[in-house]
């Protein structure tokens, strides 16, 4: 359980503006152990999706990995050519996107899309592929899979489509499944069903997950460990229970306070003042300083490093160093 | 496809096109004459033995019309297929890869579009020499840009769609994404354009043959028959009329069919009906 599957080391992603390199992700370091679910939380634009795209090697030009490494067990992924990367995508790494409505190809049946995913990586015969596709549909809880096999995406509801997406992603039994807000576009009851399904699939297969969400309730349910990102940097990382009991970083505290709950029913919902800073504005200090209730003069001087607090938690804030 | 038969105008077009295709295919069975056989006196009027009369050297006009149909439809079909093939590949590549390659291909296609199609086809024929294969090539060439543009446009809209990203995340390579994911989503505008280009290909072929640069005698073609008929307009008007009507009706039907295909394939147009 303690072996790591994915090791991301001081990953910096950005683009060049003329001769000036602009970093959107900065020195991101984390690892995912085998069988573990790592959650990534943060506001929109803090680099969550960018991290997942970098791992998948799907950064669209002009974005590129400027520094750092991404290792999948023994394999370094950052230097791979598109062709070499294609061998890992879908096979060892799979990804589920936010919008089940638009992530399926509208002109093919869901069965043929699952079969396509199988055919890219596995040398199976036609009848084997079909059999496996139906098994997968059954696995993700789609009723009467033989019939649904021939359905087009528009004939399915949002929840069913997300199940179909999951079936496609699981086709080649990936070792790491990246989920980029997989339930954000679904309504709450369907959301619960999908999360249930993902949890049980993970139990069965022992794969690792990287779960991106801004819904802390979902995070509580799914993640073993959580990374809190802000402005392209990791500000805090901790097991979910510890993070819930005692958030250390002021930003994490802010996120936690912004969850609506029953006893704050008639109060105005808390929100962290200000907005995420533009990555083009270079500031020498802590990115959060402008919005932080505890900000001091020193905060503006240098970026606080990620300091380990105990064996499995660290935080990047001047208050704790 | 069923909807097309329900709509009276497209049903008429489909039936006419089927009829003319059958006539052309079954030509040897339908007429007792060969297309180059001098069967009677020149410039006879309509009669039971010569349905549309005879031409200036006494060949049966009906026979020549159906044989010419073979030529015109074949040239039209082949040149449209040539245009489709090259146009789709160029459009996919330029839309998908973008950048300098896109600029190069697009400017080349713009260059082709700058010429009126019949002039360009004439120039190509003049260089290659007049025969049926060169006619297909020339007509195909002038229709490449329109297919390329349609494909490129639809690649540009499809490229950023999430399902393309999703296929990439499953490890699909560039080729698979272009031909297996994006192209199948771009088929309906291409199908419509296929029908419209087929019509203009038939028209250009007739034009080239009318000018003597297309199919060479004695092989009949609607265009060259019109050319021959115009000298006898007062003596034998039927000659011109049937040759003209063959071109006119075929082109009209292909165009109308293209229009109704567009109506039925475009979901936005569907809502209005």
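Every read-out reported here was derived from the displayed coordinates using simple, explicitly stated rules and does not represent laboratory data. These numbers were taken from a predicted model, which means no experiment stands behind them. Neighbour counts run over all protein chains shown; Cβ positions are idealised from the backbone, glycine included.
Which FRET efficiency value, to the nearest 0.05, do you get for residue B:188 and residue B:245 by plugging their Cβ-Cβ distance into 1/(1 + (r/R0)^6) with R0 = 25 Å? Here the calculated transfer efficiency is 0.20. Extent along the principal axes, Cα only, for the stretch A:25-75: 32, 27, 18 Å, with the longest axis given first.
Put simply, the C-alpha atoms of chain A give a gyration tensor, and the ellipsoid matching it has half-axes of 36, 23, 18 Å, longest first.
Averaging the Cα positions of each part gives two centres, and for the stretch A:50-81 and the stretch B:102-121 these lie 41 Å apart.
Taken as Cα centroids, the stretch A:290-319 and the stretch B:142-202 sit 51 Å apart, rounded to the nearest whole angstrom. In the stretch A:84-101, whose amide N lies under 18 Å from the spot 7 Å out along Cα-to-Cβ of residue A:74? List them in ranges. Within reach of a label on residue A:74: A:85, A:87-88, A:92-93. Put a dot 7 Å past the Cα of residue A:196, heading toward its Cβ, do the same for residue B:107, and the two dots end up 6.1 nm apart. In the stretch A:253-321, inverting the average of 1/r over every pair of distinct C-alpha atoms gives 14.1 Å as the Kirkwood radius. Adding -39500 (n - 2.57) for every DSSP H run of four residues or longer, then dividing by how many residues chain A holds, sets the calculated 222 nm ellipticity at -9000 deg cm²/dmol.
Considering the stretch A:45-126 at the alpha-carbon level, its Rg and Dmax are found to be 14.8, 44 Å.
The stretch A:133-231 has equivalent-ellipsoid semi-axes of 24, 16, 11 Å, by the square roots of 5 times the alpha carbon gyration tensor eigenvalues, sorted largest first. Beta bridges assigned by DSSP with both partners in chain A are antiparallel in approximately 60 percent of cases.
Against chain A, whose longest principal axis comes from its Cα atoms, helix A:110-121 is set at around 80 degrees. The length gained by stretching the chain between residue B:41 and residue B:259 to full extension, at 0.36 nm per residue less their Cα-Cα distance, is 74.1 nm. Considering only A:18, A:141, A:158, the mean-square fluctuation computed in a Gaussian network model of chain A, springs between alpha carbons under 10 angstrom, is largest for A:18. Between the beta carbons of residue A:244 and residue A:266, assuming R0 = 30 Å, the FRET efficiency works out to 0.80 to the nearest 0.05.
Take every pair of alpha-carbon atoms less than 8 Å apart whose residues are at least six positions apart; their mean separation over the length of chain A yields a relative contact order of 20 percent.
Springs between alpha-carbon pairs under 10 angstrom, Gaussian network model over chain B: which of B:34, B:64, B:168 fluctuates most? It is B:168.
Here each label is just a point 7 Å from Cα along the line to Cβ, and for residue B:85 and residue B:7 those points are 3.0 nm apart. Just to confirm my numbers, what's the Cα centroid distance between the stretch A:103-156 and the stretch B:19-69 in Å? Cα centroid of the stretch A:103-156 versus Cα centroid of the stretch B:19-69: 56 Å apart.
Over the protein assembly as shown, the hull volume per residue, using the convex hull of the C-alpha atoms, is 207 Å³.
What translational diffusion coefficient, in µm²/s and rounded to a whole number, does the Stokes-Einstein relation yield for the stretch B:68-231 at 10 °C and a viscosity of 1.306 mPa s, taking the hydrodynamic radius as the Kirkwood radius over Cα pairs? This corresponds to a translational diffusion coefficient of 95 µm²/s. Please build a GNM for chain A, connecting alpha carbons under 10 Å apart, and tell me which residue among A:92, A:263, A:224 fluctuates the most. Maximum fluctuation in the GNM of chain A, among the listed residues, is at A:263. Relative contact order for chain B: 24 percent, from Cα pairs under 8 Å spaced at least 6 residues apart, divided by residue count.
Contact order for the stretch B:136-273, expressed relative to its length and based on alpha carbon pairs under 8 Å spaced 6+ residues apart, stands at 23 percent.
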